[in-house]
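Student: Questions regarding the structure given below will be posed in turn.
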Amino acid sequence: MPLFFKKKPSEDSKKKLEFQLCLSKEAGADDVLDISACELSEVPTSAYSICKVIQKKVLILHNNELRSLVPKGCDIGTLATLKVLDLHENKLTSLPEDIGKLTSLQILNVEKNRLKSLPPSIGDLQLLQTLNVKGNCLCELPFSIGSLSSLRTLNVSDNNIVQLPKQLAYIRTLETFTLDAAMMTYPPSSVCVEGTESIQRFLCSEVVIEYCPPSQYLLPVLEHDCGKQDTNNFDSLEEAWKNKFSNYEKRKEEKQQQKLDFERHLEEKQKEHTQLFLMNIAHKESMLSSVRQEQERLEHGVSQQQKVQDAERMLMLEKVRQAEDDISSRINNMLMDNNRQKKSAAFFQALEEDRIRMEHLAAITQEEANSLRKKEVAVAMQRMLSDSSTMSLLHEVNDVRRQTLVSETCKSMEYFDRKFDRVMSLQLLDKSKAITQIIQEEEMQKAAFQALQLQKDAVHNYIRDQIKLIEDDLKQLTKLEIKRRNLDTENLQEFLVEQRSALSGMLQQLMKQRDQREQELRQVLVEMQLKSDSNQQNYWMIQYQRLLNTKPLTLRMQEAGVETGLVNMLCKLSAQHYLPILVHHKVTTESLRHMKSSDLKKLGIHEIGVQKALLNWAQENHPETASQKNDEAASVPMASPPLTPSLLPNAIVFHAPSSPVTPGTPVTPSAPSPVEGPGISECVVCMEAAAQIIFLPCGHVCCCQVCSGALQGCPLCRSTILQCVRLYHG
């Protein structure tokens with residue numbers, strides 16, 4: 001049950017309240033409004049309206065559940081005409097603060113409530129003659145109670161009052177004063193036991209006034225109350241009040257009898273209404289049954305018609321579905337063609353932009369490069385020849401390794417085939433064991449296929465080679481910049497800063513492309529895994545064999561008639577995209593020896609570096625030049641380390657731009673690369689270990705791995721370090 005449960009009045013109480021309110025509004029009704037014993041928790045606002053309009057003199061509210069006398073939105077001033085207010089046996093905890101507005105009130109009965117104090121404004125009730133506060137929780141009386149000049153009867157028994165205010169001595173009309181004499185401390189209980197006159201004499205002596213009997217002060221009160229009656233008719237007045245109350249009781253009994261008659265008539269009407277309601281229900285049920293039968297007949301006809309329409313709709317939907325499938329297939333074909341054309345157009349546009357960018361860059365730096373190349377061209381040519389021989393040796397070693405890898409792969413495939421045959425032979429003996437072994441082999445084949453795909457993927461290799469080239473270029477640029485700083489060459493220093501910034505940007509772009517390509521390869525593997533059928537146990541072996549059967553571009557060019565040396569040369573220069581041009585024009589080594597740069601440009605080879613490299617290679621492969629080269633190679637000790645293509649410290653070499661084999665990968669040109677001379681650059685911090693870290697975005701290679709961990713800015717240019725890239729090769 002809730003803590004503050006508000007009890008709802010019963011139906012009888014509601015009916016009684018409505019009857020009393022209606023009765024009080026009738027013409028010729030008396031001045032009494034009796035709404036007692038109606039289980040009210042608050043006074044109805046209609047009662048206030050009735051008292052205000054009809055000017056009731058008596059308001060009886062006893063035996064209810066009242067907690068407050070004034071409801072919200074009402075003013076106690078509307079009860080200004082009341083003379084009698086009976087509130088006994090309720091649950092009032094306080095009286096309104098403005099109860100003094102009831103200026104005509106003569107009798108106030110609040111017996112058996114929960115009052116803890118009386119409001120000070122109670123002293124404004126100048127005509128109040130009877131005040132009954134018996135059976136409450138009062139601890140004291142207000143001082144303003146001494147202003148009740150007409151009070152004749154006061155009952156404060158069954159409270160917690162132990163002291164009386166001295167102001168009670170000013171009530172000269174008090175005839176009856178009831179209190180708990182044994183509990184009193186002031187006045188003493190001995191005085192209180194003697195009666196009202198003794199108490200009044202004691203209080204008068206306390207306030208130093210003369211005591212006079214109440215009979216001397218009752219004349220003005222009775223004159224004001226009774227109008228023309230004199231003081232000798234006090235007993236007759238009391239008898240008149242008794243007659244009024246007896247008449248009121250008689251009228252009350254009559255009203256109660258009228259109420260019973262009204263309720264009896266109401267019950268008869270309710271019975272008639274019930275019979276009519278039952279007849280209405282029976283008629284309604286008969287109508288519903290007829291309507292239900294008609295509805296069933298209609299539903300049967302509708303269901304038959306619906307079946308016919310459903311059959312027609314199904315035929316129509318089938319035709320529409322076939323038409324939609326045909327249209328969707330055509331649209332998909334058109335979209336695939338459109339996407340294919342867009343990709344090819346984007347690829348050719350990227351190639352053209354790359355060519356224009358490289359020509360512009362070469363034109364800007366051509367004069368400076370020529371001035372630097374003229375000084376040490378002989379040494380540069382010698383190092384280029386040695387580098388070409390070294391690259392050819394490295395290429396041969398790479399071919400040997402590739403062949404070794406292919407042979408090992410073939411052996412592993414043969415081993416897997418034998419093992420698979422063995423598992424298949426053992427499948428009849430132990431099926432569960434064979435299935436477990438096949439699953440393990442499938443994981444091994446998947447890993448082998450993934451590794452081989454990463455190894456054979458031309459785009460991934462191309463991006464990795466470009467990253468290696470840019471790392472070497474950044475390292476050489478940093479070393480050359482340190483040397484140029486020592487020589488105070490300002491113009492070249494600015495040029496090196498621009499080159500290093502370009503290389504740093506390209507390195508970040510290539511690293512992003514490498515990560516993107518690896519992610520694409522992983523996605524391809526996931527898609528292939530999803531497409532593989534659960535019953536096809538050799539799926540990864542089939543994919544592995546398909547990858548082995550795919551011929552690289554070099555083999556296809558050899559089959560088309562291009563010389564092996566020319567193909568290898570273009571692969572070294574990362575210019576495989578020019579192979580189709582050479583195949584189309586049937587260019588050979590012999591024809592290259594008689595060509596010039598302008599001839600190659602007419603064929604479609606616009607990169608100056610590639611042109612010069614091809615012409616130099618053709619002259620070196622001349623029989624006379626080849627014999628001289630072999631003699632020089634024999635004189636070089638084998639223990640010497642391979643030299644990278646380089647010029648003097650103040651020379652700059654441009655790598656030819658390379659492009660991936662697959663057309664879907666964007667073409668990224670390689671940056672100009674200063675080539676390192678003899679020796680290895682050292683850390684500018686500890687001056688002991690070799691420089692192994694590239695700082696981005698500035699692109700300096702000037703610190704080892706140990707020293708770079710404690711740095712937040714580049715020690716050469718003081719720019720903020722956003723990323724560090726480790727170098728794993730020279």
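Student: Return yes or no: is residue 248 modelled with pLDDT under 80, under 30 Å from residue 19 (Cα atoms) and surrounded by 15 or more Cβ atoms within 10 Å (Cβ to Cβ)?
Tutor: yes
Student: Hey, another quick one. Being out of contact with any Phe, Trp or Tyr (no Cβ under 7 Å at 6 or more places or on another chain), at pLDDT 75 or above and either in a loop (DSSP other than H, G, I, E, B) or of a type in the set (A, V, I, L, M, F, W, C) (or both) is the filter here; which residues of the stretch 550-573 pass it? Step through it out loud before you land on a result.
Tutor: To start, the set of residues in the stretch 550-573 that are out of contact with any Phe, Trp or Tyr (no Cβ under 7 Å at 6 or more places or on another chain) comprises 550-568, 571-573.
From the residues that got through so far, the ones that are at pLDDT 75 or above too are 563-568, 571-573.
Within the stretch 550-573, 563, 566, 567, 571, 573 qualify.
Student: May I ask you to say which residue of 24, 41 is in contact with a strand residue (DSSP E or B) (Cβ under 8 Å, 6 or more places away or on another chain), at pLDDT below 90 and not in a strand (DSSP E or B)?
Tutor: Working: 41 fails: in contact with a strand residue (DSSP E or B) (Cβ under 8 Å, 6 or more places away or on another chain).
Answer to the selection: 24.
Student: How many of the residues making up the stretch 200-241 are modelled with pLDDT under 55 and among the acidic types (Asp, Glu)?
Tutor: Qualifying residue count for the region: 3.
Student: A follow-up question, please. Please enumerate the residues belonging to the stretch 160-185 that are assigned to a helix (DSSP H, G or I), out of contact with any Phe, Trp or Tyr (no Cβ under 9 Å at 6 or more places or on another chain) and either not assigned by the TED database to the domain that holds residue 200 or not small (Gly, Ala, Ser) (or both).
Tutor: Across the stretch 160-185, the qualifying residues are 170, 183.
Student: Quick check on the stretch 46-56. Is at least one of its residues out of contact with any His (no Cβ under 6 Å at 6 or more places or on another chain), open to solvent by 70 Å² or more (accessible area, probe 1.4 Å) and part of a loop (DSSP other than H, G, I, E, B)?
Tutor: yes
Student: Kindly list the number of the only condition in (1) modelled with pLDDT of 90 or more; (2) of a type in the set (Gly, Ala, Ser); (3) not in a loop (DSSP other than H, G, I, E, B) that fails for residue 157.
Tutor: Failed condition: (3).
Student: Among 298, 288, 315, 335, which is the only one that is open to solvent by 100 Å² or more (accessible area, probe 1.4 Å), farther than 30 Å from residue 576 by Cα and either in contact with a Ser or Thr (Cβ under 6 Å, 6 or more places away or on another chain) or not assigned by the TED database to the domain that holds residue 606 (or both)?
Tutor: That would be 315, the only listed residue that is open to solvent by 100 Å² or more (accessible area, probe 1.4 Å), farther than 30 Å from residue 576 by Cα and either in contact with a Ser or Thr (Cβ under 6 Å, 6 or more places away or on another chain) or not assigned by the TED database to the domain that holds residue 606 (or both).
Student: Only one of these is in contact with a Pro (Cβ under 7 Å, 6 or more places away or on another chain) and under 25 Å from residue 254 (Cβ atoms): 39, 18, 26. Name it.
Tutor: 39
Student: Give the stretch 259-270 a look and list any residue that's in contact (Cβ under 8 Å) with a residue 40 or more places away in the chain and either open to solvent by 80 Å² or more (accessible area, probe 1.4 Å) or touching an Asp or Glu at 6+ places or on another chain (Cβ under 6 Å) (or both), or say none.
Tutor: Here is the first cut: in the stretch 259-270, the ones in contact (Cβ under 8 Å) with a residue 40 or more places away in the chain are 259, 262-263.
Within the stretch 259-270, just 262 meets the criteria.
Student: Before we move on, is residue 116 open to solvent by 60 Å² or more (accessible area, probe 1.4 Å), at pLDDT below 95 and under 60 Å from the mean Cα position of the chain (by Cα)?
Tutor: yes
Student: Which of the residues that make up the stretch 584-612 are in a helix (DSSP H, G or I), open to solvent by less than 40 Å² (accessible area, probe 1.4 Å) and under 16 Å from residue 564 (Cα atoms)?
Tutor: Hits for the stretch 584-612 are 589, 591, 592.
Student: What number of residues within the stretch 67-91 satisfy the criterion of being hydrophobic (A, V, I, L, M, F, W, C), in a loop (DSSP other than H, G, I, E, B) and buried (at least 18 other Cβ atoms within 10 Å of the Cβ)? Break it down stepwise before answering.
Tutor: Applying the first criterion (hydrophobic (A, V, I, L, M, F, W, C)) to the stretch 67-91 yields 69-70, 74, 76, 79-80, 82, 84-85, 87.
From what's left, in a loop (DSSP other than H, G, I, E, B): 69-70, 74, 80, 82, 87.
Checking which are buried (at least 18 other Cβ atoms within 10 Å of the Cβ) leaves us with 69-70, 74, 82, 87.
Of the residues in the stretch 67-91, 5 are hydrophobic (A, V, I, L, M, F, W, C), in a loop (DSSP other than H, G, I, E, B) and buried (at least 18 other Cβ atoms within 10 Å of the Cβ).
Student: Answer yes if at least one residue in the stretch 619-638 is modelled with pLDDT of 80 or more and either in a helix (DSSP H, G or I) or surrounded by 15 or more Cβ atoms within 10 Å (Cβ to Cβ) (or both), and no otherwise.
Tutor: The answer is yes; a qualifying residue exists.
Student: Going by the structure shown, is residue 273 free of Cβ contacts under 8 Å to residues at least 40 places away in the same chain and more than 60 Å from the chain's Cα centre (by Cα)?
Tutor: Yes; evaluated as a whole, the condition is true for this residue.
The values are calculated or read from the model by the stated rules, or taken from the named source; none is laboratory data. Remember, it's a predicted structure, so these values are computed and weren't measured experimentally. Virtual Cβ from ideal backbone geometry, glycine too; neighbours counted across all protein chains shown. What goes into the accessible areas is simple: the full protein's heavy atoms, side chains included, and nothing from ligands, DNA or RNA. Shrake-Rupley method; radii C 1.70, N 1.55, O 1.52, S 1.80 Å.
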